[in-house]
Every structure is written in structure tokens, then in C-alpha cells.
Amino acid sequence: MLARVWSAAIAGIDAIKVGVEVDVSGGLPKIIVVGLPDVAIQESRERVKAALKNANFVFPVRKIVINLTPADLRKEGPCFDLPISVGILAASEQVDPQLLGDYLFYGEVSLDGTLRAVSGVLPIAAAASKMGIAGLILPLGNAQEAAVVNDIKVYGFANIGQVADFLNQPDKYQPVIAENPLTKKRSLTHIPNLKDVKGQIQARRALEIAAAGGHNLILIGPPGSGKTMLAQRLPGILPNLSFDEALEVSQIHSVAGLLKDRGELVTERPFRSPHHSASGPSLVGGGTYPRPGEISLAHKGILFLDELTEFKRNVLEYLRQPLEDGQVTISRTRQSVIFPAQFTLVASTNPCPCGYFGDPIQQCTCSSRQRENYWAKLSGPLIDRIDLQVAANRLKPEEMTRQTTGEDSAIVRKRVVTARKLAEIRFASEPGISCNAEMRSHHLKEFCILDDASRNLLEGAIRKLGLSARAMDRVLKVSRTIADLAGDRDLQSNHLAEAIQYRTIDRMQ
């Protein structure tokens with residue numbers, strides 16, 4: 001008998017509908033799997049056979065052919081264990097096949113018949129309605145993760161026996177109902193507070209601008225000046241994720257396998273901080289079967305690169321295209337996948353190899369050639385893409401011993417949220433743009449109009465600092481954010497002047 005069960009494969013963060021056809025016929029007992037399966041799927045023959053026997057089902061001692069369609073699409077992972085098991089049960093008439101066309105099956109089966117959570121469930125749930133699927137049959141550990149998608153029924157089961165019982169008596173079971181975690185009040189107690197930072201007035205201001213406009217930021221200063229401390233407090237002043245943003249971020253984390261133990265949406269903006277020994281593929285993603293890297297896991301959040309100049313130059317060059325386009329394309333011989341990568345880059349570095357160039361107390365021991373080589377690790381095009389370049393100077397003794405705290409993150413966050421709402425209103429008719437850093441050239445012409453005084457100021461800065469056209473655009477975007485924070489509709493020369501000062505170390509040697 002022939003049975004067809006629906007499942008899915010993941011390409012990037014997109015789900016592709018896959019048919020699992022199982023034919024049980026006469027002949028020598030043998031299990032054949034075709035349709036470009038990987039090793040994990042080939043091994044499922046033994047897992048499924050043991051699981052069905054240990055779950056007290058009759059495993060047919062006949063020839064079993066399993067075909068995964070479309071045949072030219074590479075399939076991978078243990079997630080096809082469940083649809084293969086159900087297909088064998090249906091083909092051997094142990095379950096009612098009537099509901100097989102309405103549901104999509106996805107999950108790993110243990111040798112005792114229990115279902116194990118797998119990665120990549122959320123993109124499948126998000127795409128299920130477009131596939132013409134009425135519901136999902138998943139391991140219990142994945143049910144809450146998938147149930148956050150409202151327009152699909154999700155059933156979670158602990159073992160293959162419960163799945164078979166559902167197919168035979170569906171009225172006994174109710175779909176999983178998931179509470180939207182974004183409706184809960186956001187708690188900031190676990191996020192470091194900006195009030196802990198003493199001094200660093202300019203760096204704190206730059207941090208607020210970066211949060212309000214989604215601008216890239218680099219902090220340059222001697223060891224112990226608080227660069228890392230400042231960066232770690234940026235998440236506490238960022239606005240909440242919207243539901244659509246949370247769903248998109250969660251899909252990426254689901255594909256990476258980071259949700260199957262949590263079973264819920266990502267509710268906080270990501271903060272990723274890879275070590276400086278990270279390779280290019282670990283940053284942008286890759287592998288034989290492409291998986292998201294750090295820049296995609298930081299989507300809608302922060303990618304923090306501490307000690308930026310310690311990263312290999314060729315690794316940093318991988319960032320150029322994603323910083324410009326907001327996505328990364330990974331090409332392989334058989335497929336090409338796109339991962340979203342709209343992140344805010346925050347970096348920190350010392351001003352020279354010894355770390356004390358320009359320090360008023362400790363003398364720098366580096367030669368001019370050493371400093372030149374040190375900054376040569378950062379290419380001009382990469383520096384151009386960093387909107388805010390800020391010096392984090394050594395604290396004065398009276399600042400270090402001061403008992404009073406700085407401005408609380410909650411107060412700063414209110415200003416950031418207000419500025420972001422202005423940007424949302426401005427770009428309401430522009431899909432895919434949510435903050436000033438994402439503006440294109442035609443947006444600059446419309447929303448960053450300069451008067452004569454501002455134009456003369458900008459031209460002088462271009463001549464003096466040698467700014468490129470890209471750097472000039474970044475200055476205008478930062479100016480727009482500064483105006484939003486001030487509540488001003490039009491750009492003024494003081495907004496532009498403040499934005500320009502954040503480019504004064506653009507060509508630091």
C-alpha cells in the first residue's frame with residue numbers, strides 16, 4: 001500500500017514543502033530511501049524500525065520504499081523520522097490515512113518511540129498556511145515554539161503512540177495554545193544599567209544616538225576606560241521588538257537550533273559578542289548545509305566586536321556587504337540561501353598597540369609606524385560604514401571616586417523610543433525601513449534638507465576630514481537622528497555639527 005505524508009525542509013530561513021511517500025509491497029524485507037537524503041536520514045531506517053517495535057507497533061517485514069519529493073532537493077537531519085514513521089504506519093494500515101493530507105509532520109524519533117525536539121520548526125509554522133497545511137504535528141518540546149504563529153493549528157506529542165492515536169481519534173486532542181510573550185511587561189533588571197557608568201558624557205550621548213537611529217558605533221580608548229561596559233549597556237536603552245521583528249529573529253534562532261530548549265519567541269533584541277579569533281564563516285554563516293552566523297543571529301539587535309583590531313582583516317571585510325545591504329547571501333554548488341542581517345555594529349578598540357596613544361598620564365611606547373600598521377587592519381570602506389566614532393578617554397580621579405550615579409537606562413530609553421516612533425511615522429509607507437540608519441539616497445533628499453549654513457558646514461568637513469560620499473551620507477543620517485532626539489522637524493546646523501564631530505577620528509593613525 002502507498003501512503004503520502006507531508007513534511008518540510010529548511011533553506012536559509014525559508015521552509016520548503018516535502019512529500020514523504022512510503023510504499024510497502026511484496027519482496028525481500030528491505031528499506032530503501034531515495035530523494036537525495038543525507039546520512040542522518042539514511043540512518044533513520046534503523047531508528048524508525050526500532051522505535052515502532054518498541055512502541056508496540058507491527059513493523060512490516062516486507063519491502064519498503066521511501067521517496068522524498070522533490071527528488072532534486074537535498075534533505076538533511078533527523079526531522080524526517082516522524083513523517084517516515086507515520087508513513088509506514090499508514091501504508092501498513094495501522095493508522096487512519098484520512099488526515100495525512102491536512103497535517104505536516106516534523107520531528108526526531110528515539111529508539112523507544114519518544115519524540116525529540118528539533119531545530120527549524122518556527123519557519124515551517126510561519127510558512128505552513130502558504131503550503132496549504134491545516135496543522136502541524138510536532139514533538140512536545142517544539143509545540144510552544146510553533147504555536148506563537150496564530151493562523152496554524154499545532155499539536156505536540158510525547159511519543160509516536162500518541163501521534164497514531166491522534167490520527168485514529170483526532171477529537172480526543174486539542175491544539176496547543178501559546179501565550180504571546182511580547183504582551184508581558186519587559187523586565188530590565190537582568191540588563192546592565194547605564195547609571196553604573198561614571199563620566200564618559202560624549203560616549204553616553206553616542207550610545208543614545210546609536211540606539212535611537214540604529215547607527216554603527218566604535219569606541220576608541222585606553223584599557224580600562226569603560227568601552228566594554230558602555231557597549232554592554234546598549235541593550236537596556238533599545239526599544240522592544242515588535243511581533244513581526246520577534247518572529248523574524250526567532251526564525252533565525254530556530255534554524256540555528258537555539259530555540260528547541262526554550263520553546264518560545266525571542267523577546268529581547270539579540271546581543272552577540274563573538275571572540276576575536278572567530279573565522280569568517282562563523283560570522284557570516286556557512287557550512288555544507290548553510291546555517292546562520294553571528295551577524296544573522298544579531299539581526300534586529302547588536303553585534304559587539306570587542307578589540308576590533310585583533311580580528312583578522314579578511315574576517316572584518318566579510319562585514320562590508322551585510323552592513324550595506326542588511327542581508328548575507330551564502331552560495332553553494334547546489335543552492336544559494338539568504339539570511340537577514342540588519343544589525344547594529346558596536347566595536348571597541350585601543351588607539352594603538354600599547355593602548356595609551358594620546359593618554360594624558362601613561363606614555364605611549366608605540367612608534368608612528370606601529371600605529372600606522374595597527375590601524376591598517378581596518379580598511380577605509382569599513383570605517384566609512386561606522387557612523388559614530390567616539391573617544392572613550394581615561395576617567396579623571398574625581399570622576400572615578402564620585403558617588404553619584406549617571407542617568408538611568410529607563411530615562412534614556414524613553415527618549416530613544418520617542419525618537420524611534422518619529423522614524424516609524426516617517427517611514428510608514430516604506431516597507432523594510434524602521435530606523436534612520438536604513439535610509440536610502442532618496443530618503444536623504446527628502447528628510448535631510450540642508451539650509452545654506454548647514455551646507456557650508458558640511459562642505460568644510462568633507463574637505464578637512466576627507467570624507468567619502470558614503471561617510472557624508474552617514475553624517476546626514478546621524479544628523480536626522482539627533483534632530484529626532486531633540487524633537488525638531490527640520491535639520492539645523494547644530495545637529496549637523498554634532499554629527500560631524502563623531503567623524504573626527506575617521507582617519508586616525
Item checked: All lysines inside 20 Å of LYS312 as judged from Cα atoms, apart from same-chain residues fewer than 8 positions distant -> LYS377
Next item on the list: Can you check what the Kirkwood hydrodynamic radius comes to for the range 338-426, Cα pairs only, in Å to one decimal?
Entry: 17.3 Å
Check: Where the Cα atoms of the range 87-188 are projected onto their three principal axes, how long is each span, largest first, in whole Å?
Finding: 54, 30, 25
Next item on the list: Mind jotting down the distance between the C-alpha centroids of the range 20-57 and the range 120-140, whole Å?
Entry: 23 Å
Note to self: Tell me the per residue accessible area of the range 122-277 using a 1.4 Å probe; a whole number in Å² is fine.
What the structure shows: 40 Å²
Item checked: Cβ-Cβ FRET estimate between ALA453 and GLU424, R0 fixed at 25 Å, reported to 0.05 -> 0.25
Next item on the list: For LEU305, list long-range residues whose amide hydrogen, built 1.01 Å from N in the peptide plane, is under 5 Å from its own amide hydrogen.
Entry: VAL346, ALA347, SER348
Notebook entry, point to check: Just for the Cα atoms in the range 415-509, what are the lengths along the principal axes, largest first, rounded to whole Å?
Noted result: 39, 23, 23
Notebook entry, point to check: So which lysines can LYS445 reach, going by Cα to Cα under 21 Å and dropping same-chain residues fewer than 8 places off?
Noted result: LYS421, LYS477
Checklist line | Cβ crowding within 10 Å averaged over residues, with 242-250, 164-172, 225-233 ranked highest first | finding: 225-233, 242-250, 164-172
Check: Listed highest first by mean packing, meaning other Cβ atoms within 10 Å per residue, what order do 136-143, 422-429 come in?
Finding: 136-143, 422-429
Next item on the list: Please give the peptides 405-418, 104-117, 364-377 ranked by average Cβ packing (other Cβ atoms within 10 Å per residue), highest first, as a rough proxy for protection.
Entry: 104-117, 405-418, 364-377
Margin query: What is the ratio of the Cα radius of gyration of the chain to 2.2 N^0.38 Å, with N the residue count, to two decimals?
Written below: 1.17
Notebook entry, point to check: Roughly how many Å² is the accessible area per residue of the range 349-471, as a whole number, for a 1.4 Å probe?
Noted result: 57 Å²
Item checked: Computed FRET value (nearest 0.05) for GLN202 with GLU76, which takes r as the C-beta separation and R₀ as 45 Å -> 0.35
Next item on the list: Mind checking the full-extension length gain between LYS464 and ASN373? Use 0.36 nm per residue of separation minus the Cα-Cα distance, one decimal, nm.
Entry: 30.5 nm
Next item on the list: Could you tell me the accessible area of HIS275 in Å² (1.4 Å probe, neighbours in place), rounded to the nearest ten?
Entry: 110 Å²
Margin query: Checking the table LYS300/LYS396; LYS17/LYS153; LYS53/LYS172; LYS30/LYS75 against a 27 Å threshold on Cα-Cα, which pairs fail?
Written below: LYS300/LYS396
Check: Under a straight-distance cross-link criterion of Cα-Cα below 19 Å, which aspartates and glutamates are reachable from LYS63, leaving out those fewer than 8 residues away in the same chain?
Finding: GLU21, ASP23, GLU43, GLU46, ASP81, GLU93
Notebook entry, point to check: Non-local amide H neighbours of VAL149 (under 5 Å, H modeled in plane, Pro and chain starts lacking H): which ones?
Noted result: none
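The values are calculated or read from the model by the stated rules, or taken from the named source; none is laboratory data. Fair warning: this is a prediction, and the values are worked out from it, not measured in the lab. All Cβ positions, even for glycine, are placed from backbone atoms using ideal geometry, and neighbour counts span all protein chains on display. Remember, those area values only see protein heavy atoms, side chains included, never the ligands or the DNA or RNA. Shrake-Rupley method; radii C 1.70, N 1.55, O 1.52, S 1.80 Å.
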